[in-house]
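Here's the structure, in structure tokens; my notes come after.
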Amino acid sequence: MKIVILLLFIYTAALSATKPKIVILATGGTIAGVGQSSVTGQYQASKLPVENLLQAVPEIQDLAIVEGEQVCQVSSQDMTGEIWLQIARKVDEVVNQADVDGVVITHGTDTMEETAYFLNLVIQTRKPVVMTGAMRASGSLSADGALNLYNAVALAASPQAPGKGVLLCFNDQIHAAREVTKVNTTNVNAFQTPEFGILGYIFYGKASFYRESVRKHTFRSNFNIKEINTLPKVAVFYSHADFDSSLIGQSVKNGIQGIVFAGTGNGNPSEATIQALARSVKNNVSVVRSSRTGRGPVTLKAEVDDEKYGFIVADNLNPQKSRILLMLALTQTTDIAKIQQMFFEY
Ligand code: ASP
């Protein structure tokens with residue numbers, strides 16, 4: 001009998017030794033939300049601690065040795081640069097632990113794409129960093145958090161995931177941090193990669209990849225969280241007909257260091273706005289032209305003489321992610337040509 005127990009013990013120990021170790025870092029959001037009832041959209045996000053998330057999906061223990069840690073407890077509309085730095089430092093610490101194979105970050109969906117892109121640029125690792133969340137609070141009919149978490153852990157543990165940058169795992173789909181965006185206010189199919197499509201599928205823990213994002217990320221990035229202490233102030237202005245260009249001058253007076261202008265079409269500002277942005281450049285504020293359209297590159301010198309005004313174009317990075325790249329660029333340089341090059345590389 002003793003021998004049987006010993007063999008069983010050795011067998012279990014050997015099994016867990018072969019399992020990857022995945023750390024779940026919880027930050028809040030609907031995946032940690034508690035609903036009024038199973039059939040209402042009313043709920044409070046960012047309530048449940050990481051222990052509850054782990055207990056809700058015991059199946060993840062079959063996939064990996066899973067540990068959880070609460071980094072913060074915020075709904076992602078409340079995300080700040082300070083919290084990004086805190087999350088990034090924690091991710092950096094965890095991926096540098098030799099026995100850790102991958103990281104899963106649970107996060108609110110509203111700004112998940114921004115945190116994903118920030119980490120994609122500042123964490124220098126080949127280990128998988130996978131973000132997930134939920135559109136329906138736990139307890140809701142057809143709550144999506146449990147399966148999203150199961151798939152995210154499976155993806156972080158997958159031998160196919162290393163080296164592919166920060167991934168977003170949601171509703172059975174795998175997206176690249178640079179290219180994904182939230183496209184729906186309430187539906188569980190909340191994320192899309194509009195320009196290039198998903199990287200792959202993940203179906204009940206089985207991942208299939210079809211392509212990779214080729215822009216610089218993680219282990220090829222020249223940004224490093226170890227060297228970043230604060231983030232400069234950068235604002236996004238959303239253009240529309242009859243845009244009030246005086247808002248730009250006011251924000252410059254308020255000490256803004258960079259502006260992303262989400263222009264119409266090919267990143268177009270109105271004539272008055274071009275002049276306001278040009279004055280900002282003269283006041284040492286970096287100006288990036290992005291687009292509110294959601295698709296296509298913003299190109300140099302189409303309707304706007306970028307060289308004359310000292311404007312930078314965002315390529316096809318959306319305005320909210322252009323803000324992140326501009327913030328990180330400004331931690332290294334204010335040189336227009338160098339920042340422009342970054343927008344073509346990252
Ligand atoms: N407002 C929530 C958040 O972003 C929405 C969600 O998590 O789905 O934190």
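The values are calculated or read from the model by the stated rules, or taken from the named source; none is laboratory data. In this text, all values refer to a predicted model and were calculated from it rather than measured experimentally. We place every Cβ from the backbone using ideal geometry, glycine too, and count neighbours over all the protein chains shown.
Take the residues in region 89-113 that are out of contact with any strand residue (DSSP E or B) (no Cβ under 9 Å at 6 or more places or on another chain) and free of Cβ contacts under 8 Å to residues at least 40 places away in the same chain; name whichever of them is surrounded by the fewest Cβ atoms within 10 Å (Cβ to Cβ). Among those that are out of contact with any strand residue (DSSP E or B) (no Cβ under 9 Å at 6 or more places or on another chain) and free of Cβ contacts under 8 Å to residues at least 40 places away in the same chain, it is Ala98.
In region 304-346, the qualifying residues are those that are assigned to a loop (DSSP other than H, G, I, E, B), among the polar types (S, T, N, Q) and crowded, with 18+ Cβ neighbours inside 10 Å, and the one that is farthest from the chain's Cα centre (by Cα) is Asn316. Evaluate region 154-166: report whether one residue or more is within 12 Å of the ligand (Cβ to nearest atom) and outside any loop (DSSP other than H, G, I, E, B). No: zero hits. Can we say Ile202 is part of a loop (DSSP other than H, G, I, E, B) and more than 16 Å from the ligand (Cβ to nearest atom)? The answer is no for Ile202. For region 3-20, the criterion of being touching a strand residue (DSSP E or B) at 6+ places or on another chain (Cβ under 6 Å), modelled with pLDDT of 95 or more and part of a helix (DSSP H, G or I) is satisfied by no residue at all. Across region 66-88, the qualifying residues are those that are over 19 Å from the mean Cα position of the chain (by Cα) and buried (at least 18 other Cβ atoms within 10 Å of the Cβ), and the one among them that is farthest from the ligand (Cβ to nearest atom) is Val66. Restricting the first residue to region 67-86 and requiring it to be in contact (Cβ under 8 Å) with a residue 24 or more places away in the chain, which pairs with a second residue that is of a type in the set (D, E, K, R) meet a Cβ separation below 6 Å and a spacing of at least six or different chains? The qualifying pairs are Val71/Lys90; Ser76/Asp110; Gln77/Asp110.
Taken together, the residues in region 211-255 that are farther than 24 Å from Val281 by Cα, touching a helix residue (DSSP H, G or I) at 6+ places or on another chain (Cβ under 9 Å) and among the basic types (Lys, Arg) amount to 3. The number of residues in region 234-252 that are more than 17 Å from Asn268 (Cβ to Cβ) and of a type in the set (Gly, Ala, Ser) comes to 4. For Lys301, the conditions (1) touching a residue at least 40 places away in the same chain (Cβ under 8 Å); (2) outside any helix (DSSP H, G or I); (3) not acidic (Asp, Glu) all hold with the exception of (1). Among the residues making up region 80-96, those that are of a type outside the set (D, E, K, R) and closer than 19 Å to Ala152 by Cβ are Ile87, Ala88, Val91, Val94, Val95. Within region 221-248, the set of residues being closer than 23 Å to Glu307 by Cβ, of a type outside the set (Phe, Trp, Tyr) and either surrounded by fewer than 17 Cβ atoms within 10 Å (Cβ to Cβ) or free of Cβ contacts under 8 Å to residues at least 60 places away in the same chain (or both) comprises Ser239, Ser245, Ile248. Among the residues making up region 19-60, those that are of a type in the set (A, V, I, L, M) and either farther than 22 Å from Val100 by Cβ or within 11 Å of the ligand (Cβ to nearest atom) (or both) are Ile31, Ala32, Val34, Val39, Ala45, Leu48, Ala56.
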